[in-house]
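So the structure is just underneath, and the comments pick up after that.
Read-outs: derived from the displayed coordinates by stated rules, not from any lab. Everything numeric in this text was worked out from a predicted model, so none of it was measured. Glycine also receives a Cβ, built like all others from the backbone with ideal geometry; neighbour counts cover every protein chain displayed.
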């Protein structure tokens with residue numbers, strides 16, 4: 001019974017860490033130049049509500065210790081993924097100092113170049129990391145992102 005109680009107690013701490021991380025990234029990126037204004041996906045709201053319930057199932061049923069651990073960990077991971085997506089969905093776009101795209105942020109100072117993978121995907125070359133793929137189902141969004149990248153890379157501040 002200790003594992004699900006600890007997992008439920010970790011949810012507020014996990015929320016605080018993820019919210020502080022999103023706020024920190026927002027400050028680091030600077031003022032928005034172009035926001036995608038992606039609406040939050042409703043399935044993540046459902047996951048956010050159901051993941052604590054999944055953990056609580058362990059308190060109602062008599063599972064083995066490994067099963068309790070796996071169910072609790074699954075609930076924690078689902079909660080973290082859902083909250084991260086919800087936080088970053090409103091931040092997605094191009095900022096003064098970088099890009100926030102699908103829960104990933106990158107500063108322009110670490111981008112050495114980019115190339116098109118297909119009409120819906122850009123591959124960014126990042127110093128000290130592997131390439132970062134940014135994609136969107138709308139070609140106009142990726143085109144606008146490429147324009148912003150060309151401008152920022154050709155006129156660094």
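Data table
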item	result
Rounded to 10°, Cα long-axis angle of helix 139-154 versus longest principal axis of the chain	60
Rounded to 10°, Cα long-axis angle of helix 42-60 versus longest principal axis of the chain	20
Nearest-ten-degree value, helix 65-89 long axis tilted from longest Cα axis of the chain	30
Relative intensity, log₁₀ I(q)/I(0), of region 2-93 from a Debye sum that treats every alpha carbon as a point, q = 0.14 Å⁻¹	-0.57
Ellipticity estimate at 222 nm from DSSP helix runs (n ≥ 4, -39,500 (n - 2.57)) divided over the chain, nearest 500	-19500 deg cm²/dmol
Space enclosed by the convex hull of the alpha-carbon atoms of the chain, per residue, Å³	130
Estimated distance in nm for a label pair at residue 43 and residue 60, the labels positioned 7 Å out from Cα along Cα-to-Cβ	2.4
Contact order normalised by residue count of the chain, Cα under 8 Å, 6+ apart, percent	22
Alpha carbon convex hull of region 63-108, volume per residue in cubic angstrom	59
Unit Cα scatterers, Debye sum, region 101-144: log10 I(q)/I(0) for q = 0.31 Å⁻¹	-1.20
